[in-house]
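The values are calculated or read from the model by the stated rules, or taken from the named source; none is laboratory data. Treat the numbers as computed from the prediction; the structure is a model and nothing was measured. Cβ coordinates were reconstructed from backbone atoms using ideal geometry, including for glycine residues, and neighbour counts include every protein chain displayed.
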Amino acid sequence: MKSIAIIGGTGLNRFPDTLSSKAIELSTPYGAPSGKIEKLCLKGGDVYFLARHGQPHCLPPHQINYQANIHALHQLGVTDIIAVNAVGGITSKAPTGHLSIPDQLIDYTWGRAHTYSQQEQDNPMLAVQHIDFSQPFDAELRQALIEQGKALKLSISDSGTYAVTQGPRLETAAEITKYERDGCDLVGMTAMPEAALAKELNIRYASLCLVVNPAAGKADKEITMDDIRAVVDTGIGEVTRLINQTVSQLKSAKN
Ligand code: HPA
């Protein structure tokens, strides 16, 4: 049986429509997770939920303790993570308000604690390892999200390359031009090192992106937090509907 965790991003600090919830206290060798972990009972089954920016939303992307978050979910026996990411849209595959399930990423972050690998002979989990990261997102989990998104008739892209930037500032127009030349469709700040840490601990990981603004230089208008908030407020309902439906499907599937 799959054990699913939802990592909530901007706009998803709490999961709505839960039948019940229970807070979970957990410590890790990497410190405390960046948000409270809860076990939620959804209509389709139980999930763990973690708000990566904390509750209330106060941690910027570069200060999130990604190592502790993924380690804590691993301790709980999580097999699959659906990560929710608010992103900017670079190409026509990513209009504002649209959902996207990226299949690739390019990591432009720096200075984040990005691996469990370190010299530590007595703990095999921490031994030197070079994970295969050619497919950073799990194909099966992505497919489940795409199928349910289509069944719900949501406006959703089934592929895309996610540029992961350091933040917290947004990009310059020239940086976005470069990311577009590199082949990126979406730009956000939180998929890395989260995806790589999950892969190191053998947890399947997929990103569910909500496009909340045109990336820098892609509209004739300044990007404002008010505009982003307005898109998040309308889009997050679709995100949670899709998660509910996908959790039901994954929990009922034989594996
Ligand atoms: N750039 C980077 N991260 C983001 C953006 C953006 O335009 N929008 C939401 N997260």
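Please specify each residue of region 196-255 satisfying the condition of being of a type in the set (A, V, I, L, M), within 14 Å of the ligand (Cβ to nearest atom) and more than 16 Å from residue 82 (Cβ to Cβ).
211, 212, 215, 216, 219, 223, 225, 228, 230, 231, 232
Of all the helices (runs of 4 or more DSSP H) wholly in region 145-255, which have at least 1 residues that are free of Cβ contacts under 8 Å to residues at least 40 places away in the same chain and either surrounded by fewer than 19 Cβ atoms within 10 Å (Cβ to Cβ) or under 18 Å from the mean Cα position of the chain (by Cα) (or both)? Please lay out each step first, then the result.
On the way: elements: 173-181, 194-200, 225-252.
Of the helices (runs of 4 or more DSSP H) lying wholly inside region 145-255, those with at least 1 residues that are free of Cβ contacts under 8 Å to residues at least 40 places away in the same chain and either surrounded by fewer than 19 Cβ atoms within 10 Å (Cβ to Cβ) or under 18 Å from the mean Cα position of the chain (by Cα) (or both) span 173-181, 225-252.
May I ask you to list the residues in region 66-90 that are within 13 Å of the ligand (Cβ to nearest atom) and either hydroxyl-bearing (Ser, Thr, Tyr) or in a loop (DSSP other than H, G, I, E, B) (or both)? Step through it out loud before you land on a result.
Narrowing region 66-90 to residues within 13 Å of the ligand (Cβ to nearest atom): 84-90.
Within region 66-90, 90 is the sole residue that qualifies.
For region 4-57, list the strands (runs of 3 or more DSSP E) that sit wholly inside it and hold at least 2 residues that are closer than 15 Å to residue 198 by Cβ, at pLDDT 90 or above and not small (Gly, Ala, Ser); which are they? Don't jump to the end; show me each part of the working.
On the way: elements: 4-8, 20-24, 37-42, 45-51.
Fully inside region 4-57 and qualifying: 4-8, 45-51.
Scan region 46-97 residue by residue and report those that are surrounded by 17 or more Cβ atoms within 10 Å (Cβ to Cβ), under 25 Å from residue 204 (Cβ atoms) and among the polar types (S, T, N, Q).
Scanning region 46-97 gives 65, 67, 69, 79, 85.
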